[in-house]
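**Student:** Before I ask anything, here is the structure I am working with.
The values are calculated or read from the model by the stated rules, or taken from the named source; none is laboratory data. For clarity, every value in this text was computed on a predicted model and none was experimentally measured. Positions of Cβ are generated from backbone atoms using ideal geometry, with glycine treated the same way; all protein chains shown enter the neighbour counts.
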């Protein structure tokens, strides 16, 4: 059995680890440094060891060779000696690189349903995704495309695999609640500042969503995409916001895989 097969079995059988997903283009990766910093930070929380960014960068470079770019790359960090009997004193983590085609963008803005839910350890992009997929399934069974999480008091936090932003016509508002600090969100905030577009983080309640002109999802693979509706609140198409978000995205240059 080869090492990659062993690694896949370990990741499948011992659901303890973390990951990041990034889009690799011929020009490089947008937010590569942030992805590497996330992997190192999360590895210290999950395993008690860091992850060498230069090693991860080289592994990604090797993995995408021979593929038609752009591609969707997932870097999963795991350790071979983790088990229910021993989750302390772990070995330094290994990485498993998977390469897949980039997904097609949805032709229509998604309709999302809110759900009272919060991820365990939301600041870490960990591999415990069963609950997220089940939440998405429940939303789709109800006729929606995706799900947006709120707490018991109605405070909005994040989407299933994305951050959420709102637009009031002059500034972008990001909910200030426990959520994954998304790489795409961080890059968009930098791009908005470069364009002179105001943005801020503040508490956003479910009762507030009808007061915004638009809403959007933020994800490193899909990029920013407008939301068509949240529950029974519908948003009209907003070409201005689409343009602002795309210009903000392009304002942050890509980083090459080869330093």
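**Student:** On the given criteria, is residue 169 out of contact with any helix residue (DSSP H, G or I) (no Cβ under 7 Å at 6 or more places or on another chain), over 28 Å from residue 33 (Cα atoms) and not in a loop (DSSP other than H, G, I, E, B)?
**Tutor:** Answer is no for this residue.
**Student:** Something else: Give 121, 132, 148 a once-over and let me know the one that is modelled with pLDDT of 95 or more, in a loop (DSSP other than H, G, I, E, B) and assigned by TED's automatic domain parsing to the domain that holds residue 232. Full working, then the answer.
**Tutor:** Working: 132 fails: in a loop (DSSP other than H, G, I, E, B); 148 fails: in a loop (DSSP other than H, G, I, E, B).
Exactly one of 121, 132, 148 is modelled with pLDDT of 95 or more, in a loop (DSSP other than H, G, I, E, B) and assigned by TED's automatic domain parsing to the domain that holds residue 232, namely 121.
**Student:** Right, next: Residues to consider are 137, 85; find the one that is over 18 Å from the mean Cα position of the chain (by Cα), exposed (fewer than 14 other Cβ atoms within 10 Å of the Cβ) and outside the structural domain of residue 61 (by TED's automatic domain parsing). Steps first, please.
**Tutor:** On the way: 85 fails: outside the structural domain of residue 61 (by TED's automatic domain parsing).
Result: 137 is the single residue among 137, 85 that is over 18 Å from the mean Cα position of the chain (by Cα), exposed (fewer than 14 other Cβ atoms within 10 Å of the Cβ) and outside the structural domain of residue 61 (by TED's automatic domain parsing).
**Student:** Checking the conditions here, which among 177, 215 is over 20 Å from residue 34 (Cβ atoms) and in a strand (DSSP E or B)? Before you say what the answer is, go through the steps one by one.
**Tutor:** Details: 177 fails: in a strand (DSSP E or B).
Checking each option against the conditions leaves just 215.
**Student:** Additional query: Can we say residue 54 is closer than 30 Å to residue 247 by Cα, modelled with pLDDT of 95 or more and exposed (fewer than 15 other Cβ atoms within 10 Å of the Cβ)? Let's see the steps before the verdict.
**Tutor:** On the way: closer than 30 Å to residue 247 by Cα: yes; modelled with pLDDT of 95 or more: yes; exposed (fewer than 15 other Cβ atoms within 10 Å of the Cβ): yes.
Spelling it out, residue 54 is indeed closer than 30 Å to residue 247 by Cα, modelled with pLDDT of 95 or more and exposed (fewer than 15 other Cβ atoms within 10 Å of the Cβ).
**Student:** Consider segment 222-237. How many of its residues are in contact with a helix residue (DSSP H, G or I) (Cβ under 7 Å, 6 or more places away or on another chain) and either at negative phi or not assigned by TED's automatic domain parsing to the domain that holds residue 186 (or both)? Even if it seems obvious, please write down each step before you answer.
**Tutor:** Here is the first cut: in segment 222-237, the ones in contact with a helix residue (DSSP H, G or I) (Cβ under 7 Å, 6 or more places away or on another chain) are 223-224, 226, 230, 233.
Filter once more, keeping what is either at negative phi or not assigned by TED's automatic domain parsing to the domain that holds residue 186 (or both): 224, 226, 230, 233.
Number of matching residues: 4.
**Student:** Name every residue in segment 90-116 that is in a loop (DSSP other than H, G, I, E, B), within 28 Å of residue 36 (Cα to Cα) and in contact (Cβ under 8 Å) with a residue 12 or more places away in the chain, in order of residue number.
**Tutor:** Looking only at segment 90-116, we keep the residues that are in a loop (DSSP other than H, G, I, E, B), and these are 90-93, 102-110.
Remaining after also requiring within 28 Å of residue 36 (Cα to Cα): 90-93, 102-105.
Within segment 90-116, 90, 91, 92, 93, 102, 103, 105 qualify.
Residues are listed down the side, and each one gets a yes or a no for (1) outside the structural domain of residue 120 (by TED's automatic domain parsing); (2) in contact with a strand residue (DSSP E or B) (Cβ under 8 Å, 6 or more places away or on another chain); (3) modelled with pLDDT under 95; (4) surrounded by fewer than 18 Cβ atoms within 10 Å (Cβ to Cβ):
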site	(1), (2), (3), (4)
183	no, yes, no, no
193	no, yes, no, yes
200	no, yes, no, yes
207	no, no, no, yes
239	no, no, no, yes
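**Student:** Scan segment 154-163 and give yes if some residue there is touching a helix residue (DSSP H, G or I) at 6+ places or on another chain (Cβ under 9 Å) and without any contact (Cβ under 8 Å) to a residue 40 or more places away in the chain, otherwise no. Show your work before the answer.
**Tutor:** Residues of segment 154-163 touching a helix residue (DSSP H, G or I) at 6+ places or on another chain (Cβ under 9 Å): 154-156, 160-163.
Applying the additional criterion that residues be without any contact (Cβ under 8 Å) to a residue 40 or more places away in the chain yields 160.
Yes, because at least one residue in segment 154-163 is touching a helix residue (DSSP H, G or I) at 6+ places or on another chain (Cβ under 9 Å) and without any contact (Cβ under 8 Å) to a residue 40 or more places away in the chain.
**Student:** Hey, can you tell me all the residues within segment 38-89 that are farther than 18 Å from residue 258 by Cβ and assigned to a helix (DSSP H, G or I)?
**Tutor:** Of the residues in segment 38-89, the ones farther than 18 Å from residue 258 by Cβ are 38-51, 68, 72, 74, 76-89.
Scanning segment 38-89 gives 38, 39, 40, 41, 42, 43, 44, 45, 46.
**Student:** Can you name every residue in segment 244-259 that is in contact with a strand residue (DSSP E or B) (Cβ under 9 Å, 6 or more places away or on another chain) and closer than 14 Å to residue 172 by Cβ? Outline the logic, then answer.
**Tutor:** Going through segment 244-259, the residues in contact with a strand residue (DSSP E or B) (Cβ under 9 Å, 6 or more places away or on another chain) turn out to be 244-246, 248-249, 253-258.
If the condition is that a residue be in contact with a strand residue (DSSP E or B) (Cβ under 9 Å, 6 or more places away or on another chain) and closer than 14 Å to residue 172 by Cβ, then 244, 245, 246, 248, 249 are the ones that fit.
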